[in-house]
Amino acid sequence: MENLLNELILAIEEGDLQLVNQLIERVITNSMPDEQYGITELLVQYGYYAEADQVLEHLQFLYPEEAQITIDRAAVLMELDKEDEALELLMSVAADVAEYPQALLVLADYYQMQGLYEVAEKQINEAIELLPTEPLLQFAKAELLFETGRFSESIRIYEELYEQEGTFAGVSLAERLAEVYRAGANYEQALEFYMKALEDEVKPDILFGSGYAAFQTQNYELAIKQLEDLKELDPDYFSAYLLLAESYAMLEDNKKAYAVIKEGLIRDEYDKTFYLFAGKIALKNHEPEQAKQYLQEAIALDPEYMEAILVLMSIYSKEESYDEIISLYEHISSQDFDWTALYPFVAEAYDKEEEFDKAYEMYRAAYEDFKEDPAFLEKYCYFLLEDGKQEQAKEIAAQLVALDPTEQQYIELLERFE
């Protein structure tokens, strides 16, 4: 049997499916049932589910009353997307056998994968009633609660398990607790458990999680350390670059932030958020031309990337590049994308370019969203004055005074009409 097992492992590792099937026929014909059962575990481990099902089907024929074989075969059939057959097998497991809670757990896994969380929880609760101290069932419930956003309930179970064992079902409970606390925005606790998880194993995801939690707790120095370690461990962990650059920026080390985000863009040239941040940090580093280029790249990747468009419009406005504002607006409008936040920029640009009718239409379109914005109303008022629309200008001046009765400039503006 040992030689046959070694031959099978070698055939699996070499991907020789024909030989694997020949060896399985020999297993079914010449091996004892317990040896055959052990072979199914090996096949499942390597992802040979169809072959594992072949052996389990034979064992089920030999032992139709053996609930464990029925449950194992149902789990394999689910991996093969044969859910109807799997469910039929699970439903056949009698409620009075010792393996019944395990059948309920497999059912719960299936319903959870289908998004039927209430049904899945019902199966787990029934199993827990039968085996109230079984850790595997408690862990399954905690996983379900976590997935459905019931963080405080899942934390209670995870922490009880963590006190007993650091790792469960191949999962680091410190890491899992960190993830749950992070999902619930309790970043201080999340950071504590991320650091505990790192004591057991240093993995990219844990380093990133600890960096993220440190950033959220304003511990930027620690965030930088964790993310620099991550970058060294896995240079292609793209998410690290933006968070690391943001951490440097929070410490006002804008040159380092700029260097990091440019390094990130070399690794991932298709992430629009990288270009947006690069544009913003380029501005802080007094490189407006580079900033505009990065923002244009972001918009090229996503023509409706509102934040990038707004920042670029702001730069054009500051530079008094009114033709660029109009060109950008008309381009995005041609793509059936419209956004009222841009209207004040566009209205002023049309005004400065002496396209007064278009400017008036833009100001009117923007008014509803900006009628409580003094800066907008002031520009609108002066435009109306210059365009000869005295009564409308007077109404806007009155609004300005109403918004800020102590502003002498607004008072004097209104008095001009009186």
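The values are calculated or read from the model by the stated rules, or taken from the named source; none is laboratory data. What you see is a predicted model; the values in this text were computed from it and never measured. Here the Cβ is made from the backbone with ideal geometry for all residues, glycine too, and neighbour counts use every protein chain on show. Protein only, heavy atoms only, side chains kept; ligands, DNA and RNA dropped before computing areas. Shrake-Rupley method; radii C 1.70, N 1.55, O 1.52, S 1.80 Å.
If ligands, DNA and RNA are left out, what is the accessible area of His58 with a 1.4 Å probe, given in Å² to the nearest 10?
50
With a 1.4 Å probe and all protein chains kept in place, how do Glu65, Glu153 rank by accessible area, largest first?
Sorted by accessible area, descending: Glu65, Glu153.
Residue separation times 0.36 nm, minus the C-alpha to C-alpha distance between Asn30 and Glu418: what's the value?
Contour length minus Cα-Cα distance gives 128.9 nm.
Could you work out how far helix 239-250 tilts from the main Cα principal axis of the chain, as a 0 to 90 degree angle to the nearest 10?
Taking the Cα atoms of the chain, the angle to 239-250 is about 40 degrees.
Report Rg (one decimal) and Dmax (nearest whole number) for the range 241-316, counting Cα atoms only, units Å.
Cα only, the range 241-316: 11.3, 32 Å (Rg, Dmax).
How much accessible surface does Asp373 have with a 1.4 Å probe, in Å² rounded to 10?
Using a 1.4 Å probe on the heavy atoms, I get roughly 50 Å².
If the viscosity is 1.002 mPa s and the temperature 20 °C, what translational diffusion coefficient in µm²/s does Stokes-Einstein give for the range 371-418 when Rh comes from Kirkwood over Cα pairs?
Estimated via Stokes-Einstein, D reaches 209 µm²/s.
Which of the lysines could be linked to Lys284 by a straight reach, that is with a Cα gap under 25 Å, when you skip same-chain ones fewer than 8 residues away?
The qualifying lysines are Lys225, Lys231, Lys255, Lys256, Lys262, Lys272, Lys292, Lys318.
Carbon-plus-sulfur fraction of the accessible area of the chain, 1.4 Å probe, in percent? Mind dumping the intermediate values first?
Values: 10470 of 22350 Å².
For the chain, the apolar C and S fraction of the accessible surface comes to 47 percent.
Got a number for the accessible area of Val401? Probe 1.4 Å, square angstrom, nearest 10.
Looks like 30 Å² after rounding.
Would you look at the GNM of the chain, springs on alpha carbons closer than 10 Å, and say which of Glu228, Glu192, Glu25 moves the most?
Largest GNM mean-square fluctuation: Glu25.
Give the cross-link partners of Lys141 among the lysines, using a straight C-alpha distance below 29 Å as the criterion and excluding same-chain residues fewer than 8 apart.
Cross-link targets: Lys82, Lys122, Lys196, Lys203.
How high is the relative contact order of the range 143-223, in percent, counting Cα pairs under 8 Å that sit 6 or more residues apart? Walk me through the numbers on the way to the answer.
Values: 84 pairs, mean separation 16.7, N = 81.
Answer for the range 143-223 is 21 percent.
Measuring with a 1.4 Å probe in the full set of protein chains, what accessible area per residue, in whole Å², belongs to the range 91-157?
Averaged over the residues of the range 91-157, the accessible area is 53 Å².
Round to the nearest 10 and give me the degree value, 0 to 90, for the angle of helix 390-403's Cα axis relative to the longest principal axis of the chain.
That helix lies at roughly 60 degrees to the long axis.
Measure out, as a whole number of angstrom, how far apart the alpha-carbon centroids of the range 358-418 and the range 105-155 sit.
If we compute the Cα centre of each part, the gap is 61 Å.
Send over the Kirkwood Rh of the range 263-366, from the inverse of the averaged 1/r over different Cα pairs, rounded to one decimal Å.
Result for the range 263-366 stands at 14.1 Å.
Express the accessible area of the range 283-334 per residue in Å², computed with a 1.4 Å probe while the remaining protein chains stay in the model. Don't skip to the answer; put the middle values down first.
Values: 2790 Å² over 52 residues.
Accessible area per residue, the range 283-334: 54 Å².
Quick check: with the 1.4 Å probe, what order do Val311, Val76 take by accessible area, largest first?
Final ranking, largest accessible area leading: Val311, Val76.
Express the accessible area of the range 171-248 per residue in Å², computed with a 1.4 Å probe while the remaining protein chains stay in the model.
Solvent-accessible surface per residue comes out at 43 Å².
Give me the dipole magnitude in Debye, nearest 20, for the chain about the Cα centre, with unit charges on the beta carbon: positive for Lys and Arg, negative for Asp and Glu.
Here the size comes out at about 940 debye.
With a 10 Å cut-off between alpha carbons and a GNM built on the chain, which of Leu161, Leu145, Leu89 moves the most?
Highest fluctuation of the listed residues: Leu89.
So, by mean Cβ neighbours within 10 angstrom, what's the order for 343-351, 33-41 with the highest one leading?
Details: 343-351: 23.6, 33-41: 16.0.
Ranking, from highest mean packing down: 343-351, 33-41.
Could you rank Lys255, Lys280 by how accessible they are, 1.4 Å probe, largest area first?
Lys255, Lys280
Please list the three semi-axes, largest first and in whole Å, of the ellipsoid equivalent to the chain, using sqrt of 5 times the eigenvalues of its alpha carbon gyration tensor.
64, 25, 24
Ignoring everything except DSSP H segments at least 4 long, calculate the 222 nm mean residue ellipticity for the chain; use -39,500 (n - 2.57) per segment, divide by total residues, nearest 500.
Working: 25 runs with 323 residues, N = 418.
It lands at -24500 deg cm²/dmol.
Looking at the P(r) of the range 38-105, how many percent of alpha-carbon pairs lie beyond 19 Å?
Above the 19 Å cut-off, the range 38-105 has 27 percent of its Cα pairs.
Give the angle, between 0 and 90 degrees and rounded to the nearest 10, that separates the Cα long axis of helix 288-301 from the longest principal axis of the Cα atoms of the chain.
50
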